[in-house]
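Q: Sharing a structure with you now.
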Amino acid sequence: MNKNELAQLGLDTDGLTPDADYVPNPFTADDGVHVDLVYRAYLQLEQINALGGISLLGGSHERLEDIYGGLEDGMDLMTAVARFGDDEQQHRAQQLIAAGKISGS
């Protein structure tokens, strides 16, 4: 969701970038459950790392580095894979999103 969509839901959008794609990232603290809004790409990167790293997409090391770099630069997974990956990596990314292992758009 972008800043305007979040504002329409009544959420505090101070400090958010207008065109960025945000997703909720719930976490537990001593005083209960809280939700941060984070860039989708950063949440996806965190999820990929938790699953064992970018190599789970398969393919060449060079392509994987480029996809990872795209995520670090704020591209969502499907954009990074479409830009830097091959057909098999795109298919694998779609499978991970469809299985709910990585946040989709």
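Q: What is the distance in Å between the Cα centres of the stretch 61-85 and the stretch 24-45?
A: 22 Å
Q: Can you tell which of 32, 52, 74 shows the greatest fluctuation in a Gaussian network model of the chain with Cα springs below 10 Å?
A: 32
Q: Rolling a 1.4 Å sphere over the protein heavy atoms, what is the accessible area per residue of the chain, to the nearest Å²? Display every interim value, and only then the final one.
A: Values: 6430 Å² over 105 residues.
So the chain comes to 61 Å² accessible per residue, rounded to a whole number.
Q: Compute a Gaussian network model of the chain, connecting alpha carbons closer than 10 Å, and tell me which residue from 70, 85, 53 fluctuates the most.
A: Result for the chain, Cα springs under 10 Å: 53 fluctuates most.
The values are calculated or read from the model by the stated rules, or taken from the named source; none is laboratory data. Keep in mind that this is a model prediction, so the values were computed, not measured. What goes into the accessible areas is simple: the full protein's heavy atoms, side chains included, and nothing from ligands, DNA or RNA. Shrake-Rupley method; radii C 1.70, N 1.55, O 1.52, S 1.80 Å.
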